[in-house]
Amino acid sequence: MLLRIKRTLANISITAANIPITARVTLWYSFFIMAIVAALIAISAVVADEIFEDVSQKKLAKSVTKIANNTEEFEPYDDGIFFIKYSDNGELLGGLVPKNFDGTLEMDSGEVRYYENGENRFYYYDIAAKGKKVWIRGVINAERFFKKEGLFLLALGVFVPVLFAFVLYGGYKTIKNALKPVATISETALDIGKSRDFSKRIELPAGKDELHALASVFNKMLDSLEKVYQSEKQLTSDVSHELRTPLSIIIAESDYAASYAQNLDEAKESLEVISRQSRKITLLIDQILELSRLESGRNLTLKRINLSDILQNLATDYEKLASAKGVKFICEIATDVEILGDGLMISRLADNFLSNALKFTANKIELGLSATKTHALLSVKDDGNGISQKDIELIWNKFYQAEGSRNKSLNAGSGLGLAIAANIAKIHGLKLGVKSEAGAGSEFWAEFDLVNLKQV
């Protein structure tokens, strides 16, 4: 039984979900309006009964009292009221007794009384005439009152449905117009899904309600999606471009070795080229994956790390690499500089600065770490050809390599190192920059907050 009830409720929920929101809201709206109208009709009937009864009785008492105070104005019938004159001992003296009313009822002054004879109903009121041994009785047919009440309820019964229909139609149109932005949002979303055009936006007239706020949020989401989409498109294009050359070389060398190599030495030369280009492709893929992880916004757990120790370890390695290249390596690192961050990422940032300097320097590299009371500054200088002003804002972009000034032909890289450094800085909230002029060398720098200024 319980299972059957659950299934029934589930079916009702599914059915309700298939009904348009406008119709659902209108149905609920109509239900409550009907409930309110029914309550109003019931209350009106009770109130009308009380009102008409009270008004009729007051009118009866007032009219009888008026005649009793001035018997000269006595008339047997006036404005729906029958007037009867009695002696002090109950003898009928004049007036009109309504049909089916008992004219022998005992006199009793003070309140309006009710008399019923079959289907005939009356209200009557007695009062002694002022200064005379005469009683004046007023009788009113209660059917008049009930007829008035019936006409009132009939009018109410006609008016209320008309009012309900008007309110229902007005509510439906209001709800439909209010939900128009939802239809616009849906149409735009479907259009974007079909066309893959993420530049489209939801166009709504000015407004500050919840649906306009939703549209605004939706447009902001589309802004983000468009950026991601364009970025992915550009990445695909750039990766294809970067892989094309080494793959072409690998194919050419493979074909040569297979077709023209006469001996082992010639084959070895081709294999060395293939190996070198393969490693280049591997490095490129690793850097792309690393960059992708960084751009995905990975959540970091910041730890207290010794920046001085990280840089000192890198300096040891690069001093040997510089020496092998005939380059002077100068290192000035402040001791015990502590920051909050990911040690591996910070090391990667500094490594990219140093590897970049080693590629493009002429005679020397300078690694420096200085500290104030609040900040630490990492800097890497080289005395290479420098970077032109038109390139200086672009070097942080993926796959960008400056022409000429940075000896691209001699120091071919992937163009991803500085992009990786920029993303590491962004994740850590670091300030990053470069000072350079064409022909005057370059200085890359990163500014860190000291650990005592951050929450640990």
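Taken together, the values in this text are just the output of simple stated rules run on the coordinates, not laboratory data. A quick note: this is a predicted structure, and the numbers were derived from the prediction, not measured. Here the Cβ positions follow ideal geometry from the backbone for every residue, glycine too, while neighbour counts run over all protein chains shown.
Quick look at the numbers
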quantity: Inter-site label distance for SER278 and ALA183 at 7 Å from Cα along Cβ, in nm; calculated: 6.3
quantity: Förster-model FRET efficiency, 30 Å R0, HIS375 and LYS220, C-beta, rounded to 0.05; calculated: 0.35
quantity: Added length on full extension, which subtracts the Cα-Cα distance from 0.36 nm per residue, ASP79 to LYS328; calculated: 77.1 nm
quantity: Interchain or long-range residues, amide H under 5 Å from HIS375's placed H; calculated: LEU450
quantity: Extension gain (nm, one decimal) between LYS320 and LEU394, 0.36 nm per residue minus Cα-Cα; calculated: 23.6 nm
quantity: Where only C-alpha atoms are counted, convex hull volume of region 298-453 per residue in Å³; calculated: 104
quantity: Efficiency of FRET from Cβ geometry, ALA165 and ASN306, R₀ 60 Å, rounded to 0.05; calculated: 0.15
quantity: Net charge of neighbours whose Cβ lies under 11 Å from the Cβ of ALA128, counting Lys and Arg as +1 and Asp and Glu as -1; calculated: +1
quantity: Entries in LYS194/LYS220; LYS194/LYS426; LYS62/LYS130; LYS320/LYS359 that, when Cα-Cα distance is taken, lie over 23 Å; calculated: LYS194/LYS426
quantity: Integer Hz, Karplus 6.51/-1.76/1.60 couplings in order for region 83-90, x for Gly and Pro; calculated: 10, 10, 10, 10, 7, 5, 8, x
quantity: Under 5 Å, built H, 5+ apart or other chain: amide partners of PHE329; calculated: ILE365
quantity: In order through region 213-224: 3J(HN,Hα) via Karplus (6.51 cos²θ - 1.76 cosθ + 1.60), integer Hz, x for Gly, Pro; calculated: 5, 4, 4, 5, 5, 4, 5, 5, 5, 5, 4, 5
quantity: For region 439-448, Karplus couplings with θ = phi - 60° (6.51, -1.76, 1.60), whole Hz, Gly/Pro x; calculated: x, 10, x, 9, 10, 9, 9, 9, 10, 10
